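Notes for the one structure printed next.
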Ligand SMILES: [Cu+2]
């Protein structure tokens, strides 16, 4: 096969991919089919474009590796196929140093590259804001969520206690879901806790989730950048009604956010609720139930 037509074969997949990109993709497609991206709208948080960038660029690199590998496999299978009249074993080849060095070095570069970009983005995602505009404690429990809007002063702190989603016979949610309010364009730091078993706090369109443990608080700092209503759920199998452990997130203006906190204050939902309803109170070092006392 002359080298010119070989080159033409390699150009076809690249051309198709480029044409597809240029053909006017939706934001969803351009972001690798990740949720939360809308036409002519802000991203949901200040971190989602970084996350989708890592995802999409990884796919581009991996698909390029795939196309080259599949192409070479197909070419080898066709170019070196058994011809009519051939018998016995083909010529056996080994110790091709350039090829062996190539297929050792290239995957090594890929692995180091993926690690470096992932570590860089993870370091940004996991950097906590020492002085956020808004501090919230989200508490997972079997099988709902409590949200506490922390103020400097415990008297100013307000909370909402959620109940598990209820469904009708058709499986549609008919109850009011626990709702977390966030002010748009303000820095938010959420402390993640659990009252019982391991849960995972996941706001789908924000492209982030993080586990909630007993005895160890996790944190998530970010800025919501688009007003709207978003779905959240538990992402860690936590018992029988794990799938009912749903919540909503409302990203609203600063005024609406303050109004919402005022309604909680007016309803008397003030003060610190952190440990009051924790099911596990027998952590090491705490007074409470021991196995002997349970007998
Ligand atoms: Cu859960």
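The values are calculated or read from the model by the stated rules, or taken from the named source; none is laboratory data. Remember, it's a predicted structure, so these values are computed and weren't measured experimentally. All Cβ positions, glycine included, derive from the backbone under ideal geometry; neighbour counts span all protein chains shown.
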Here is a check on your reading of the model: is residue 99 touching a residue at least 12 places away in the same chain (Cβ under 8 Å), more than 21 Å from the chain's Cα centre (by Cα) and assigned to a helix (DSSP H, G or I)? no
Scan region 193-235 residue by residue and report those that are in a loop (DSSP other than H, G, I, E, B), within 16 Å of the ligand (Cβ to nearest atom) and at pLDDT 95 or above. 198, 235
Whichever residue in region 238-251 is surrounded by fewer than 18 Cβ atoms within 10 Å (Cβ to Cβ) and assigned to a loop (DSSP other than H, G, I, E, B) and, among such residues, is nearest to the ligand (Cβ to nearest atom): 239
Which of the residues spanning region 166-192 are within 16 Å of the ligand (Cβ to nearest atom), under 19 Å from the mean Cα position of the chain (by Cα) and touching a residue at least 60 places away in the same chain (Cβ under 8 Å)? 180
Output for region 136-154, where each listed residue is within 14 Å of residue 189 (Cα to Cα) and part of a strand (DSSP E or B): 136, 137, 138, 139, 147, 148, 149, 150
Would you confirm whether any residue within region 145-152 is more than 16 Å from the ligand (Cβ to nearest atom) and exposed (fewer than 13 other Cβ atoms within 10 Å of the Cβ)? yes
Among the residues of region 110-130, write down those that are touching a residue at least 40 places away in the same chain (Cβ under 8 Å) and assigned to a loop (DSSP other than H, G, I, E, B). 127, 128, 129
Residues satisfying the stated conditions in region 43-62, i.e. more than 23 Å from residue 228 (Cα to Cα) and without any contact (Cβ under 8 Å) to a residue 60 or more places away in the chain: 55, 56, 58, 59, 60, 61, 62
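Of the residues 254, 266, 235, 231, which single one is surrounded by fewer than 15 Cβ atoms within 10 Å (Cβ to Cβ) and under 25 Å from residue 127 (Cβ atoms)?
Going through 254, 266, 235, 231 in turn, the sole match is 254.
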